[in-house]
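Below is one structure; the comments refer to it alone.
The values are calculated or read from the model by the stated rules, or taken from the named source; none is laboratory data. Note that this is a predicted model, so its numbers are computed, not measured. Please note: Cβ atoms are built from the backbone with ideal geometry, for glycine as well, and neighbour counts cover all protein chains shown.
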Amino acid sequence: MGIPKAFLAYVLLVIMFRQTVQGSRQPACHFNDLMALQGLSRSLESNIGGWNWDSSSCCSFTGITCGNSSVLNERVVRLELGNKRLIGTICDGLVGLGQLRILNLSHNFLHGTLPTNLFRFRNLEVLDLSNNCFVGSLPAVIQLPSVKYFDLSKNSFTRFLGVEFCKSPSRIRYLNLADNLFGEALLSLENCTSLRYVFLNGNGLSGTLLENLFLLQHLRVLHLQQNWFSGPLSYRIGNLSNLVELDISSNDFVGSLPDVFGRLRKLESFSAGSNRLTGLLPVSLVNSASLSRIDLHNNSLSGPIRVNCSAMTRVVSLLFSANNFQWPVPASLSSCRSLRNLDLARNNLGGVVPFEFKNLQSLQFLSLGNTSISNISTALETLQHCRKLTILVLGLNFYQEEMPSNVNLQFTSLKALIIPACHLTGSLPVWLSRCKTLQLLDLSWNSLEGSIPSWIGKFEYLFYLDLSNNFFSGTIPKSLTGLDNLVHTTVLLKESSEHFSLMKSTGQGGTGPRLRYKDMWSFQPTVDLSSNKFTGPIWPSFGNLNNLHVLRLEENNLSGTIPDSISGMTNLEGLDLSHNNLSGEIPSSLVYLSFLSAFNVSFNRLSGGIPSGGQFLTFPESSFEGNDALCSTILRPCRPQRIPPLVSPGKKMKMKIVDWNFGIGGALGFFLTVFFCFKSGWVLPRG
């Protein structure tokens, strides 16, 4: 006998109703978790978006994940509130989250000291408090037996003397304490045998290299740069046979590099720049089959550069600038066919650019500045074959040679050409006009002359132009005021520049202080035509360059007035028009340039009052000196204008009638009348 269909339908409805009810029920928070989260919320000065205390379960809150520990009372296992713009402190009661495995409060504005209980989570695997404003010292003992990822970087912690991370063998793999204010350290890492990544850079740590680091056999990445470690490099660094990346740059290491790179068979990147290292390049270093990047800039290494390109098949970057290397530029480097970045600047190399360099078809960045090389024509004719060449730096060489005028030169990929302080003669070459991707051009401190051709304004991507300290003459080309990238913000042809940086000297002939830029586009958008022989006006259309940050036209012979339209350069930070022949008043609209921090119009023929308000309240008196007719409260008081006396129309008529012509006529008539009266006898009888 079959089951009635009505009964089956009833049973199905009951099952569906129970499933709906059970599915809509949310497990309640564990009491300890709820108290801990409420304590965290109270310690913050800002609200946490997505936290609704009217809800029956905290597991639905933003950034919270619960685990299935029980049906009715789930435990919080993940608290992830990174980059939420939180302000406030961390309360001690947060330790109530007893089952927490991931705690991420990074990239906020949290401050104050960290509670000691925070370092006693038994189940915590990830602790990330980086990029905040925490202060104070870390506890002497950190009891996080389950932690694998530990990141307190970019805060303001001041001490971690005697900190013991691994009292017993632990599972920690990632340790990041970079960019704090520790200053000194006695860090015990002997038992942290699972460590793969250690970042201690940017802390001002002093003394010799921590010996216990050499016991970490599984270490892959070690960053110790930007500290005060001193003394010679230990040969024990060769024990770290699994190292892939080692950075000890910007310290105070001395002596020669240990010849241990044959034992570091997995090492791909080695950086030791800005130390006091001396001696020759180790044989094992220049024959490493694994290395792709070597950075030894700013040391005192000497001897020839003997890189074995047959063995170093993976090498991509060689940064050897600012050392004492001798001998000509090595032609053998042309065999490193994968080479993309080569920096040999500021060494005493001499000779010419080897003809074999035309084989470097992967080369993108080349700096040979201040290396005493000669023959710029040969250099450019060779390097034009490097079809991927993007940035070329050749300054402080080729003394008094002539700028090549070979119209057949082709640099199709060039984005930056930097050849300052060579005293090159000639004029701007026509082949430059075909560098369609050019973004930065620096030919300053040379002896180039003639007028600037109009094609200079046709570069679509140009944002930095420095032709200062030459002998250019004529008027400034009007086309320069239409540079697309300074008018319409053309997208720059960016590319990765992690393997090189650019230097910009602020002194005469490249000998002054140097500014180091990580990227080419870190340079301020600039037009610098100062110290030339330009004449004529400042074009009103300069106001179109609203993306320009620096305009320097000082020490020329420019005339006319300062255009009021310059106020259209809304991003202008520096304007120097001094030592010209400008006249008229300073436009009052310039007070609206809110970013203007450097302004100089001294030694012109300007007149009138200096604008008041805005950034003009911050400029010194020297910005306006040498203009005798300028006046202001900071320079000289402006004289009150004479107001002519009011006169009635009648008086005006009298003043107009009794002028000197009328007086002469009246006097002449009077004498003639007297003469005829005496002559006729009317006054005295005749005889």
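Counting just the residues of segment 121-137 that are outside any loop (DSSP other than H, G, I, E, B) and buried (at least 17 other Cβ atoms within 10 Å of the Cβ), which one comes out farthest from the chain's Cα centre (by Cα)? Checking each candidate, the answer is V126. Within segment 564-614, count every residue that is in a loop (DSSP other than H, G, I, E, B), touching a Pro at 6+ places or on another chain (Cβ under 8 Å) and without any contact (Cβ under 8 Å) to a residue 40 or more places away in the chain. Number of matching residues: 2.
Considered as a group, the residues in segment 143-161 that are in contact with a Phe, Trp or Tyr (Cβ under 6 Å, 6 or more places away or on another chain) and at pLDDT 90 or above include one that is surrounded by the most Cβ atoms within 10 Å (Cβ to Cβ), and that residue is N155. A search for C-beta distances below 6 Å between a residue of segment 322-340 that is over 8 Å from C309 (Cα atoms) and touching a residue at least 12 places away in the same chain (Cβ under 8 Å) and any residue that is outside any loop (DSSP other than H, G, I, E, B) and not hydroxyl-bearing (S, T, Y), counting only pairs 6+ apart in sequence or on different chains, returns N323/L301; A331/E356; S334/E356; S334/F357; S334/N359.
Let me confirm something: among K415, K458, K436, K478, which residue is under 21 Å from L558 (Cα atoms) and either among the basic types (K, R) or at pLDDT below 95 (or both)?
Matching residue, one of K415, K458, K436, K478: K478.
Does segment 324-336 contain any residue that is closer than 24 Å to Q225 by Cβ and in contact with a Leu (Cβ under 8 Å, 6 or more places away or on another chain)?
yes
Selection of strands (runs of 3 or more DSSP E) fully inside segment 40-120 by the criterion of at least 3 residues being of a type in the set (A, V, I, L, M) returns 73-80. Among the residues of segment 392-425, count how many are surrounded by fewer than 18 Cβ atoms within 10 Å (Cβ to Cβ) and not in a loop (DSSP other than H, G, I, E, B). Qualifying residue count for the region: 2. Against the test of being small (G, A, S), in contact with a Gly (Cβ under 6 Å, 6 or more places away or on another chain) and buried (at least 19 other Cβ atoms within 10 Å of the Cβ), the options A140, A178 yield a single qualifying residue, A178. When residues in segment 249-282 are screened for being in a loop (DSSP other than H, G, I, E, B) and either under 24 Å from N203 (Cα atoms) or free of Cβ contacts under 8 Å to residues at least 24 places away in the same chain (or both), 8 of them pass.
Does S290 satisfy being outside any strand (DSSP E or B) and within 28 Å of the chain's Cα centre (by Cα)? For S290, the condition - outside any strand (DSSP E or B) and within 28 Å of the chain's Cα centre (by Cα) - is not met. The condition of being over 23 Å from Q364 (Cβ atoms) and not polar (S, T, N, Q) holds for only one of L301, L291, that being L301.
Summed over segment 436-470, residues that are assigned by TED's automatic domain parsing to the domain that holds P525 and small (G, A, S) total 1. Residues of segment 358-381 that are outside any loop (DSSP other than H, G, I, E, B), more than 26 Å from the chain's Cα centre (by Cα) and surrounded by 20 or more Cβ atoms within 10 Å (Cβ to Cβ): I376, A379, L380.
Would a scan of segment 334-355 turn up a residue that is aromatic (F, W, Y) and surrounded by fewer than 22 Cβ atoms within 10 Å (Cβ to Cβ)? Checked against the condition, which is being aromatic (F, W, Y) and surrounded by fewer than 22 Cβ atoms within 10 Å (Cβ to Cβ), segment 334-355 yields at least one hit.
Could you tell me how many of the residues in segment 345-378 are in contact with a helix residue (DSSP H, G or I) (Cβ under 9 Å, 6 or more places away or on another chain) and within 21 Å of I305 (Cα to Cα)?
Pass one, segment 345-378, residues in contact with a helix residue (DSSP H, G or I) (Cβ under 9 Å, 6 or more places away or on another chain): 352-360, 363, 366, 368-370, 373, 378.
If we keep only those that are within 21 Å of I305 (Cα to Cα) too, we end up with 352-360, 363, 366, 368-370, 373.
Total satisfying the criteria: 15.
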